[in-house]
Each structure stands twice: as C-alpha cells, then as structure tokens.
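**Q** Please find one structure pasted underneath; my questions will follow.
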C-alpha cells in the first residue's frame, strides 16, 4: 500500500468531489466515494487531520449522500481520525452522533460493538 501515490492519483478527481454520477439518478449511491477513498489514504498516511477534513466533506454534503451507507462510514472514519489527531472532545461527540444514529440497531453487530469500545476508551 502506498498512501502517497494514492493521494497523488486521487487529486485528479478532486474537482469532481461533489458531483453526482450519472448512474445515481435515484438516491445518489456512489456519490462522494472519491472523497472517502482520499480520506482513507490520508488515514493510511497517518495524516489524521487531513483525513478528518475529507470525511467531514461527506457529512457537509448529506443531501447528496442521502441513504447511502457512505454517511455512516464517513461518520465512523471522522470519529477515528479526530481521535487519532488528538481532538478527543470532538471525536467523542462524533462517536456519540454515530451511536445515536445506530441506537435501534442490533447490538450484536460486531462493528457496533467495536465502535462502542472505541468510544469508551476516549478520555
């Protein structure tokens, strides 16, 4: 894995970050994925502040995301990036928002248990 190379290649898509793909006429599924992948590349490069900025872009354009699972995944990665960047107060709020969103979900889902564990470890 080469995060620096991925970031370089993803820069070409930056000008299309908030566009809607032609195949997403009903629900906009697939929109903003390049932002998510760029956030993941920043995360892999241990540039957590930059990763948080990318994930926040997705949440700032929730009208495009709508019911896509990208919303929940961006919330999760934002919380993780904030925690690793040292902003524990904002990270805790981001984790709480995600857990509130998932409050009616099956508590036995492994990801939910993992998110709860991560949240509980924050100061």
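**Q** Arrange the peptides 85-95, 109-119, 44-54 so that the one whose residues have, on average, the most other Cβ atoms within 10 Å appears first.
**A** 44-54, 85-95, 109-119
**Q** Another one. Simple spin-label model, 7 Å along Cα-to-Cβ: residue 8 to residue 46 in nm?
**A** Label-label distance for residue 8 and residue 46, simple model: 2.0 nm.
**Q** Ranked by Cβ crowding within 10 angstrom, fewest neighbours first, how are 121, 57 ordered? Before the final figure, lay out the partial values.
**A** Working: 121 10, 57 18.
The fewest-first ordering by Cβ neighbours comes to 121, 57.
**Q** Could I ask something else about it? If I model a spin label as a point 7 Å beyond the Cα along the Cα-Cβ vector, how far apart are those points for residue 104 and residue 117 in nm?
**A** For the pair residue 104/residue 117, the computed spacing is 2.8 nm.
Each value in this text was obtained by applying a stated rule to the coordinates, not by laboratory testing. The model shown is predicted, which means the values in this text are computed figures rather than measured ones. Glycine gets a Cβ as well: all are built from the backbone with ideal geometry, and neighbour counts include every protein chain shown.
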